[in-house]
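J.: Here it is, the structure, as structure tokens.
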Amino acid sequence: MKMFRTPAFVVAMMLLASPLHADSSLPPAHYAYNQLPDPAQEAKAKALMSELRCLVCQGQSIADSDAELAGDMRALVRQRIAAGESPASIKKWLIGRYGNWVTYDPPLDRLTWPLWAIPIILIVTGLWLVRGRFKRRR
């Protein structure tokens, strides 16, 4: 048990858990970086990919991200569009799998209504404060 407390053991465990081992050694999916042959289908795929958030990068769409998961999601979107599936159904499937957070335009429901209501409340409050300020100046 004393061996687990030695600095060499701790350093060895830290090296084994390094981020270098986190990436896959598999090649990327074919459609991760290759466009669809049909320009109309590729336009649909790109439009949908720009609406979907990268789950790794969090601030980028899957169209802009270089993360491995984003590449897999791009390939999935392109494969499904090539198979004839609609962008709306693909988006619905991804939301069902990853939650509303995967889209930049979350649907209005009981959990997301504050995202939609707070900006409106802030604008109305600001207008009310400005109106009161101008009223006092007169």
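Bear in mind that the values in this text are calculations on the coordinates, not laboratory data. Treat the numbers as computed from the prediction; the structure is a model and nothing was measured. Heads up, the Cβs are rebuilt from the backbone with ideal geometry, glycines too, and the neighbour counts pull from every protein chain shown.
J.: How high is the relative contact order of segment 28-106, given as a whole-number percent (alpha carbon pairs under 8 Å, six or more residues apart)?
T.: Numbers: 95 pairs, mean separation 26.7, N = 79.
The value is 34 percent.
J.: With everything on Cα atoms, drop me the angle between helix 87-98 and the longest principal axis of the chain, reported from 0 to 90° to the nearest 10.
T.: 70 degrees
J.: Hey, another quick one. Using the charge dipole of segment 17-138 (Lys, Arg: +1 at Cβ; Asp, Glu: -1 at Cβ; taken about the Cα centre), state which of 36, 123, 63 has its Cα farthest towards the positive end.
T.: 123
J.: Any chance you could run the full-extension gain for residue 108 through residue 11? It's 0.36 nm times the residue separation minus the Cα-Cα distance, nm to one decimal.
T.: 30.1 nm
J.: For segment 90-138, what value does the Rg/Rh ratio take when both radii are computed over Cα atoms and Rh is the Kirkwood radius, given to two decimals? Display every interim value, and only then the final one.
T.: Working: Rg = 17.9 Å, Rh = 13.4 Å.
Ratio value, two decimals: 1.34.
J.: If amide H atoms are built 1.01 Å from N in the plane of the peptide, which residues on other chains or at least 5 residues away come under 5 Å of the amide H of residue 60?
T.: Close amide H contacts, sequence-distant or interchain: 54.
J.: Can you work out the PRE-style zone for residue 58? Point 7 Å along Cα to Cβ, and I want the residues of segment 65-96 with backbone N under 19 Å.
T.: 65-71
J.: Still on this structure: Ordered by residue, what ³J(HN,Hα) values in Hz, to whole numbers, does segment 108-115 give under the Karplus form 6.51 cos²θ - 1.76 cosθ + 1.60, where θ = phi - 60° and Gly and Pro are x?
T.: Ordered by residue, 3J(HN,Hα) equals 7, 8, 5, 8, 9, 4, x, 4 Hz.
J.: So how do 88-94, 52-58 stack up, highest first, on mean other-Cβ count within 10 Å? Before the final figure, lay out each step's value.
T.: Details: 88-94: 15.0, 52-58: 17.4.
Descending mean neighbour count gives 52-58, 88-94.
J.: Return a whole-number percent for the relative contact order of the chain, with Cα pairs under 8 Å and 6 or more residues apart as the contact set. Don't jump to the answer; show the numbers that get you there.
T.: Numbers: 101 pairs, mean separation 25.9, N = 138.
Taking the mean separation of contacting Cα pairs over the length of the chain, I get 19 percent.
J.: What's the angle, to the nearest 10 degrees (0 to 90), between helix 39-51's Cα axis and the longest principal axis of the chain?
T.: 80 degrees
J.: Between (1) -0.41, -0.57, -0.66; (2) -0.68, -0.78, -0.83; (3) -0.74, -0.85, -0.92, which matches log10 I(q)/I(0) by the Debye sum over Cα atoms at q = 0.12, 0.14, 0.15 Å⁻¹ calculated for the structure shown?
T.: Matching the structure shown: (2).
J.: For residue 136 paired with residue 43, estimate the spin-label separation in nm (one decimal), with each label point 7 Å from Cα along the Cα-to-Cβ line.
T.: 5.5 nm
J.: A further question follows. Enumerate lysine pairs in the chain that are 8 or more residues apart or on different chains, then count those whose Cα atoms are under 21 Å apart. Please list the in-between numbers first.
T.: Details: 44/91; 44/92; 46/91; 46/92.
Taking the Cα cut-off of 21 Å, the pair count is 4.
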